[in-house]
1. Go through the stretch 128-140 residue by residue and turn each phi into a ³J(HN,Hα) via Karplus (6.51, -1.76, 1.60, θ = phi - 60°); whole Hz please, and just put x for glycine and proline.
2. Can you flag which of Lys17/Lys47; Lys6/Lys322; Lys6/Lys85 are past 28 Å Cα-Cα?
3. Going by average Cβ density within 10 Å per residue, which order do the peptides 61-74, 310-323, 124-137 take, highest to lowest?
4. HN-Hα J couplings of the stretch 156-166 from phi, Karplus 6.51/-1.76/1.60, θ = phi - 60°, integer Hz, Gly and Pro as x?
5. When the accessible area of the chain is computed with all protein chains present and a 1.4 Å probe, what percentage of it is carbon and sulfur?
6. Using the Cα centre of the chain as the reference point, and only Cβ charges (+1 on K/R, -1 on D/E), how large is the resulting charge dipole? Debye, rounded to the nearest 20.
7. The stretch 1-155: Rg/Rh from Cα coordinates, Kirkwood Rh?
8. Starting from 0.36 nm per residue, how many nanometres of slack lie between Glu82 and Asp230 once their C-alpha separation is accounted for?
Amino acid sequence: MEPIIKIQHLDKEFRQKNAEVHALADVCLDIYKGDIYGIIGMSGAGKSTLVRCLNFLERPTAGTVIVDGQDLSSLSDKELREKRKNIGMIFQHFNLLMQRNVLDNVCFPMELAGVKKSEARKRALEFLKDVDLEEKANAYPAQLSGGQKQRVAIARVLASDPKILLCDEATSALDPQTTKSILQLLKEINRKYGITIVVITHEMAVVQEICSHVAIIDHGHLVEHGTVEDIFLAPKSKEARRLIYQGYENVAEMKGERCVRIVFSENSSFEPVIGNMVLAFKSPVNILYANTRNLDGVAKGEMVLQLPEDEQLQEKMIAWLKNARLSVEELDNYVGQ
């Protein structure tokens, strides 16, 4: 199956007064139809530049972007405008037309496409129903909460009948509860309409909540990509570990040096694995960190354990944990010196 978005050796440079800024360097990525794909990185990593290259709002310096079988660089300006109709976009600050009410905001892309006013209003009401905002049809954006404004923005995008939806930090201006409801709405839209969704974010919690796949961008480079579950279970790059371990704290008062991070499967999270191990080896371990993450609706438990100082015992415990169907990763320099 061919990817719906194929990025090949993508570079983007910005020329400033006395310097060139290399925002993206040799990025290669495949995104398949129906995926919810996360692109994550810290501020300044290049992720927003990347998403703007996906619809050629920014033209790459080098490389190709192929969308639904078409190389965007080969299209004329007119063909590119036509192609962008298949690529919807929502932003952090909603970009609604403040002088229009909610219904007219949703009608706007259909007006531009030449849809009859009566048909546009009928369809707009259906899209407002999809985002659970029918009762606000006659309200104006200034009368809405941030979450409601984003729901209007999503309904407006649906009105253009896109195959792809790009979400550029679409929840970063919202509180955690509202963020969760918007992410749930995006999942429902993905299921109902089969729209491929690309989520740009700096928050691992957003990726874990909604995405099936993730790419990690750092200083313009693609440092790691794969399924969210695989990268969560065994992050390979220091950038992935830094994002996944947000909230971990080094524990300076602990004396031992060998620590492991373990991730529970859906089954083993109900078993007293650590208690059984302590009983089996008659030796304590320190639990330095414990948490439960939601990965696309599935709870994943994780812990950081400090093992005893005896090296033989350490090896036996690691083998025991692996035999208990846990993902086990050693953490270097987790405990402060």
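The values are calculated or read from the model by the stated rules, or taken from the named source; none is laboratory data. Here the structure is a predicted model, which means the values were calculated and not measured. No Cβ is skipped: glycine too gets one built from the backbone with ideal geometry, and neighbour counts run over all protein chains shown. Heads up: the accessible areas ignore ligands, DNA and RNA and are worked out on the full protein's heavy atoms, side chains in. Shrake-Rupley method; radii C 1.70, N 1.55, O 1.52, S 1.80 Å.
1. Each residue's phi maps through the Karplus curve to give 5, 5, 4, 9, 6, 9, 4, 5, 9, 4, 9, 7, 9 Hz.
2. Values: Lys17/Lys47 23 Å; Lys6/Lys322 37 Å; Lys6/Lys85 18 Å.
Pairs exceeding 28 Å: Lys6/Lys322.
3. Details: 61-74: 15.9, 310-323: 14.3, 124-137: 17.8.
So the order, starting with the most tightly packed, is 124-137, 61-74, 310-323.
4. After applying 6.51 cos²θ - 1.76 cosθ + 1.60, I find 5, 5, 4, 5, 8, 6, x, 8, 10, 10, 9 Hz.
5. Values: 8140 of 16960 Å².
In the chain, the share of accessible area belonging to carbon and sulfur is 48 percent.
6. Numbers: 42 positive and 47 negative charges, 256 e Å.
The calculated dipole for the chain is roughly 1220 debye.
7. Values: Rg = 18.3 Å, Rh = 17.8 Å.
On the Cα set of the stretch 1-155, Rg over Rh gives 1.03.
8. Details: separation 148, 0.36 × 148 = 53.28 nm, distance 3.71 nm.
Computed gain between Glu82 and Asp230 is 49.6 nm.
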